[in-house]
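First comes the structure, then the notes that go with it.
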Amino acid sequence: MTASFTAAELRNAVTTLSSPPLIRLITEIDDNGPIPLRGLARTLADLSTHHLRQSTEAARALGLVLARPGVGLGLTAAGSELADVYDESARWARRHAYPTGVADFTRRVQRTLSLLAEPLVPVTVDDPRCSAGDRPLGAQAGTDLARPRDLLRQWLNAYPQTARLAEPELAA
């Protein structure tokens, strides 16, 4: 995506950003505003305490969220812009029925980001980045992938510390 990142740094960053708990945390705050710190478990009830703690700590370390007294956990500029990357990735996936015709927001974001983690080459129907069970991509889908790819590139260039701080273990 940019010459300043190694392939491993890029993969680690995308792996971290593809973490379902992190996606849930960032999009929940983006959609509904700050979450009171004591209300995190109630608001994100589908996440285990472990995943909630892990995603919140990772989001803080990456500079995506900030706890404000009396307000709660809100997004920083980096977090807000990452939410835009997530939204654009999900829109692309929905438009192209990727990875399947029926998939939730988190899975769409994860699978789209996995396509973006590799070198900038066109995605084809036989692309090995398409996992088993994923819908094959046509030429138009590969062309349309440019928009989410550009947003991710811009985001990583604006926040390069993310690629260097990313820990792939978060995605587990």
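The values are calculated or read from the model by the stated rules, or taken from the named source; none is laboratory data. Just so you know, these numbers come straight off a predicted model, no measurement behind them. Cβ atoms come from the backbone with ideal geometry, glycine included; neighbour counts cover every protein chain shown.
Summary table
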quantity: Meets criteria (in a helix (DSSP H, G or I) and touching a residue at least 40 places away in the same chain (Cβ under 8 Å)) for Ala58; calculated: yes
quantity: Whichever residue in segment 7-43 is among the acidic types (Asp, Glu) and surrounded by 12 or more Cβ atoms within 10 Å (Cβ to Cβ) and, among such residues, is farthest from Ala67 (Cα to Cα); calculated: Glu9
quantity: Flag if Ala103 is under 21 Å from Asp144 (Cβ atoms) and in contact with a Lys or Arg (Cβ under 6 Å, 6 or more places away or on another chain); calculated: no
quantity: Residue identified as at pLDDT below 95, more than 22 Å from Arg11 (Cβ to Cβ), outside any helix (DSSP H, G or I) and among the hydrophobic types (A, V, I, L, M, F, W, C) among Leu47, Leu73, Leu120; calculated: Leu47
quantity: Selection within segment 67-94 - over 16 Å from Arg149 (Cα atoms) and buried (at least 16 other Cβ atoms within 10 Å of the Cβ); calculated: Gly72, Leu73, Gly74, Leu75, Thr76, Ala78, Gly79
quantity: Any hit, segment 128-144, residues being modelled with pLDDT of 90 or more and outside the structural domain of Gly33 (by TED's automatic domain parsing); calculated: no
quantity: Within segment 44-66, tally of residues that are more than 12 Å from Ile26 (Cα to Cα) and surrounded by fewer than 17 Cβ atoms within 10 Å (Cβ to Cβ); calculated: 8
quantity: Qualifying residue in segment 30-40 (condition: without any contact (Cβ under 8 Å) to a residue 60 or more places away in the chain, charged (D, E, K, R), part of a helix (DSSP H, G or I) and assigned by TED's automatic domain parsing to the domain that holds Ala141); calculated: no
